[in-house]
Amino acid sequence: MKAFRFVEWQQPGELRDVPVPEPGPGEVLIKVGGAGACHSDLHLLELAPGARSFTLPFTLGHENAGWVETMGPGATGFAPGDPVIVYGPWGCGLCMNCRRGMENYCETPGKPSPGGLGGTDGGMAEYLLVPSTRYLIPLGDLDPREAAPLTDAGLTSYHAVKRSVHLLGPGSTAVVIGAGGLGQMAIQVLRALASATTVVAVDTSQDKLKIAKSMGADEALISGEDAVRRVKDITKGGGAELVLDLVGVNPTLSMAAQVARVLGHLTIVGVGNATLPVNFSSPPHECAVASPFWGTIPELIEVISLAQTGKIKMLVEHFAIDDAAHAYHQLHEGKIAGRAVITPND
Ligand SMILES: [Zn+2]
Ligand SMILES: [Zn+2]
């Protein structure tokens with residue numbers, strides 16, 4: 001089968017021919033409908049040789065949805081043809097966090113090892129081997145080609161918003177920095193979970209801000225000093241209860257610290273890996289800084305429920321697997337409006 005793979009450090013991914021995997025005991029083979037191309041793949045491909053302990057090559061793609069193809073020996077609960085989305089951060093299944101459904105925070109060394117990110121094969125191929133049925137969530141009427149990004153862009157944004165919902169009552173403000181795939185999701189999740197809050201989107205691109213508005217942002221601001229002033233105006237000088245930085249580079253983190261509020265949440269989701277200076281007066285007093293990674297299995301079930309009831313929808317652009325390299329190039333150039341999704345079986 002065709003697979004788009006991470007072959008060489010600091011090189012673009014490559015299309016290769018690999019064998020179709022055989023599901024072992026408890027495993028499930030998925031026929032891939034859609035595999036999202038994520039910014040973190042670009043960061044991964046740019047790593048210095050040996051920066052991570054995993055070995056190359058492996059197949060990219062950690063935002064996967066499709067149809068059950070074959071159930072491995074002893075695997076139960078699903079049948080061939082069932083449309084499913086795949087939970088991405090694969091943990092040990094046995095530690096306390098895993099048993100709480102938080103496999104994103106598995107406590108076993110070397111885990112979680114998400115397919116497509118950590119050395120095991122992901123879904124940018126005709127078929128994906130999933131280690132356990134506990135990672136499969138039924139999609140119902142949702143099309144796997146449209147739904148795939150919900151398992152990362154959707155779930156990551158959902159988790160980052162949900163942990164701060166108690167701060168977002170009437171009169172509150174949430175600032176979303178970065179209106180790409182994750183930001184667009186965060187705006188819709190804020191609308192769904194915190195309907196009274198004022199949502200402010202910030203980006204460098206006027207096109208992305210237009211999309212942010214159409215997805216429910218009350219204000220859309222071009223990054224810069226004026227945006228900082230405007231947030232201060234909206235919040236009567238106090239700052240925002242929640243600032244989500246979905247980019248994580250120096251200018252965005254600096255803005256986040258300037259517009260966050262005393263007792264607020266400054267949440268870093270973007271993997272830009274810049275540094276946030278922390279001292280007595282900045283970020284504001286008792287403003288909690290967190291860097292959540294992905295989300296939990298129960299939260300993915302909630303994300304799918306929101307999508308099934310039409311409350312969130314990912315803007316997707318489809319690419320054939322032969323065009324996967326092109327999709328990543330477009331992503332790198334900032335030319336993907338929402339999420340690029342590779343459809344290996346179309
Ligand atoms: Zn991702
Ligand atoms: Zn675990």
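Every number in this text was worked out from the coordinates using simple rules, so none of it is lab data. Source: prediction; values computed, not measured.
For segment 133-150 and segment 56-74, what is the centre-to-centre distance using only Cα atoms, to the nearest Å?
13 Å
Strictly over 25 Å apart at the Cα level, which of 313/335; 232/311; 232/313; 208/311; 162/208; 213/311 would you flag in this model? Don't skip to the end; give the middle numbers.
Details: 313/335 19 Å; 232/311 29 Å; 232/313 30 Å; 208/311 20 Å; 162/208 23 Å; 213/311 15 Å.
Violating the 25 Å Cα-Cα cut-off are 232/311; 232/313.
With a/c under 1.5 counting as rounded, go ahead and sort segment 44-141 into rounded, prolate or oblate using the C-alpha gyration tensor (a ≥ b ≥ c being the square roots of the eigenvalues; past the cut-off, prolate if a/b is larger than b/c, else oblate). Please report the intermediate quantities before stating the final value.
On the way: a/c = 2.21, a/b = 1.34, b/c = 1.65.
Oblate, since a/c reaches 1.5 and b/c is not below a/b.
Need one number: convex hull volume per residue for segment 192-346, Cα atoms only, in Å³.
Details: hull volume 21.9 nm³, N = 155.
Residue-normalised Cα hull volume stands at 141 Å³.
Average the reciprocal distances over every distinct pair of alpha-carbons in the chain, invert the result, and give the Kirkwood radius in Å.
Numbers: mean 1/r = 0.0492 Å⁻¹.
So the Kirkwood estimate lands at 20.3 Å.
Aspartates and glutamates near residue 2 by alpha-carbon distance under 18 Å, same-chain residues fewer than 8 away left out - which ones?
Leaving aside aspartates and glutamates fewer than 8 places away in the same chain, those within reach of residue 2 are 14, 17, 22, 63, 69, 121, 126, 322, 323, 346.
Per DSSP H run of n ≥ 4, the term is -39500 (n - 2.57); total these for the chain, divide by its residue number, and report the mean residue ellipticity at 222 nm rounded to 500 deg cm²/dmol.
Computed mean residue ellipticity for the chain: -7000 deg cm²/dmol.
Report Rg/Rh for segment 15-90, rounded to two decimals, where Rg is the Cα radius of gyration and Rh the Kirkwood radius.
On the way: Rg = 14.6 Å, Rh = 14.4 Å.
Checking Rg against Rh, the ratio lands at 1.02.
Run a plain Debye calculation on segment 276-338 (Cα atoms as equal point scatterers, no solvent) and give log10 I(q)/I(0) at q = 0.16 Å⁻¹, rounded to two decimals, same order as the q list.
Debye intensities relative to I(0), on a log10 scale: -0.89.
Let a ≥ b ≥ c be the square roots of the eigenvalues of the Cα gyration tensor of segment 181-279; is it rounded (a/c under 1.5), or, if not, prolate (a/b larger than b/c) or oblate?
Working: a/c = 1.40, a/b = 1.20, b/c = 1.16.
Rounded shape, in that the Cα axes give a/c under 1.5.
Can you list, bin by bin at 10 Å, the percent of alpha carbon pairs in segment 1-40, starting at 0?
Percent of pairs per bin, in order: 22, 44, 30, 4.
With no solvent and one point per C-alpha, what does the Debye sum give as log10 I(q)/I(0) for segment 117-241 at q = 0.16 Å⁻¹?
Here the Debye-derived log intensity ratios amount to -0.83.
Could you run the Karplus curve 6.51 cos²θ - 1.76 cosθ + 1.60 with θ = phi - 60° over segment 247-262 and give me ³J(HN,Hα) per residue in whole Hz, x for Gly and Pro?
Here the 3J(HN,Hα) series is 10, x, 9, 3, x, 6, 5, 5, 4, 4, 5, 6, 9, 6, 10, 3 Hz.
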